[in-house]
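> Quick one: this structure, given as structure tokens, is what I'll be asking you about.
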Amino acid sequence: MRYVRVELPDGPRWGVVRGEDVLTLANAPYEGIEYDGGSLPLADCKLLAPCEPTKIVCVGKNYADHAREMGAEPPGFPVLFLKAPNTLNRPEGAVHGPAFVQRLDYEGELAVVIRRRAKDVKAKDFADYVLGYTCLNDVTARDVQRHDGQWTRGKSMDGFCPVGPWVTDEADPSGLKVETRLNGKPVQTGNTADFITAVPELVEFITASMTLEPGDVIATGTPAGIGPMVPGDTVEVDIEGIGVLVNHVI
């Protein structure tokens, strides 16, 4: 299934994409699939981020080539950081850095959305806790990150985490092509087969330290090729078997 959140006059609504339509749900999909009888043309829907996280757990330097382009050797364990919920942004949403930001970067990534409370999960059981997979752009104020010497402020400005267009449970996270395009030109190309730490082991590692709640997101890391965006740019994160997340820099 492909799960979406859409904006309706009476508020956000979850739905399932069926062909060219969205069949609306009575509840979030991690509460059980219950259709409410509504149907909307997908083309007419304003899509929202297909998740409602209490936290976004990000993995730094999970591709060896990206670690090296950042001037570091690949780490021997997952390097975790958090993006705050205020960063959540929707498909086709605007990305904007405050005036003091001098360099705003894209980072295309595969994201994992959690479907039930997860604590001390073993890698072999990870799929029992996953709603599905989606595209994510880990927008980063690179100059702020370097100035601060740690990542919180540079990663957690408003709107710095576009997610979408939907969550699908039909993708295998072990070998997906990940491509980021800037104004139509490919700037990042990777494959999740090249993760230093694969998704099952990431779920085990993260839940050994913190409880993940339904709707929480794991951002699995970005391949080499990060670079700056400027106002007027369009950024696409395209992941095989999932879809394309499009956002606009203003």
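> If you take the beta carbon distance between residue 69 and residue 191 as r and set R0 to 22 Å, what does 1/(1 + (r/R0)^6) give as a FRET efficiency, to the nearest 0.05?
Plugging the Cβ-Cβ distance into 1/(1 + (r/R0)^6) gives 0.85.
> Pick from 30, 133, 63: which is most flexible by mean-square fluctuation in a GNM of the chain where alpha carbon atoms under 10 Å apart are linked?
So, out of 30, 133, 63, the one fluctuating most is 30.
> Then there's this: I want the local charge near residue 161. Using Cβ-Cβ distances under 12 Å, sum +1 for each Lys or Arg and -1 for each Asp or Glu among the other residues.
Residues near residue 161 contribute 0 overall.
> Sticking with this structure for a sec: Any idea what the dipole of the range 111-155 comes to, in debye rounded to 20, about its Cα centre with Lys/Arg Cβ at +1 and Asp/Glu Cβ at -1? All intermediate terms of the calculation are to be shown ahead of the outcome.
Numbers: 10 positive and 6 negative charges, 29 e Å.
Computed charge dipole of the range 111-155: roughly 140 debye.
> When the helix-only estimate is applied to the chain (DSSP H runs of n ≥ 4, each -39,500 (n - 2.57), divided by the residue count), what is the mean residue ellipticity at 222 nm, nearest 500 deg cm²/dmol?
Estimated from H runs of four or more residues: -2500 deg cm²/dmol.
> Residues with beta-carbon under 12 Å from that of residue 241, excluding residue 241: net charge, scoring Lys, Arg +1 and Asp, Glu -1? Display every interim value, and only then the final one.
Details: positive: 2, 177; negative: 169, 170, 172, 238, 240.
Local net charge: -3.
> On to the next question. R0 = 25 Å: FRET efficiency of residue 248 with residue 127, Cβ-based, nearest 0.05?
After rounding, the FRET efficiency stands at 0.15.
> Quick one: 160, 77, fewest Cβ neighbours within 10 Å first, how do they rank?
If I rank by nearby Cβ atoms, fewest first, I get 77, 160.
> Another one. Give the long-range amide H neighbours of residue 115: residues separated by 5 or more places, or on another chain, with amide H under 5 Å away, using H modelled in the peptide plane at 1.01 Å from N.
Correct list: 130, 131, 215.
> Let me ask something additional. Counting other Cβ atoms within 10 Å, which GluC sites (Glu not before Pro) in the range 148-250 have at most 11 and lie in a DSSP loop?
Those satisfying the criteria are 170.
> Would you work out which of 64, 40, 174 lies farthest towards the positive end of the dipole of the chain, given +1 charges on the beta-carbon of Lys and Arg and -1 on that of Asp and Glu, about the Cα centre?
Working it through, the farthest residue towards the positive pole turns out to be 64.
> Run down the aspartates and glutamates and flag those whose C-alpha is under 16 Å from the C-alpha of residue 61, throwing out any fewer than 8 positions away in its chain.
69, 73, 105, 107, 109, 138, 194, 201
> When only DSSP loop residues count, what chymotrypsin sites (Phe, Trp or Tyr not before Pro) in the range 74-108 have their Cβ near at most 13 other Cβ atoms within 10 Å?
Numbers: sites: 81, 100, 106; in loops: 100.
Within the range 74-108, the qualifying chymotrypsin sites (Phe, Trp or Tyr not before Pro) (loop, at most 13 other Cβ atoms within 10 Å) are 100.
> Right, something else. Find the centroid of the Cα atoms in the range 115-131 and in the range 1-76, then give the distance between the two in whole Å.
Using only Cα atoms to place each centre, the spacing works out to 18 Å.
> Estimate the FRET efficiency between residue 183 and residue 100 by the formula 1/(1 + (r/R0)^6), using the beta-carbon distance for r and 25 Å for R0, to the nearest 0.05. Can you show the working numbers first?
Numbers: r = 25 Å, r/R0 = 0.99.
Efficiency at R0 = 25 Å is approximately 0.50.
> Something else now. Place a point 7 Å from Cα of residue 158 in the direction of its Cβ. Which residues in the range 71-115 have their backbone N less than 16 Å from it?
84-90, 93-101
> Between residue 159 and residues 5 or more places away or on another chain, which pairs have amide H atoms under 5 Å apart, with H built 1.01 Å from N, and which residues are they?
87, 88
> Determine the dipole magnitude for the range 49-249: charges of +1 sit on the beta-carbon of Lys and Arg, -1 on that of Asp and Glu, nothing else is charged, the reference point is the Cα centre, and the result goes in debye to the nearest 20. Spell out each step's value before the answer.
Details: 19 positive and 28 negative charges, 95 e Å.
Charge dipole, the range 49-249, about its Cα centre: 460 debye, nearest 20.
> Under 5 Å between amide H atoms, partner at least 5 residues away or on a different chain: which partners does residue 63 have, H built in plane at 1.01 Å?
Long-range HN contacts for residue 63: 196, 222.
Just so you know, all these numbers are worked out from the coordinates, no wet-lab data involved. Treat the numbers as computed from the prediction; the structure is a model and nothing was measured. Positions of Cβ are backbone-derived with ideal geometry, glycine not excepted, and every protein chain shown enters the neighbour counts.
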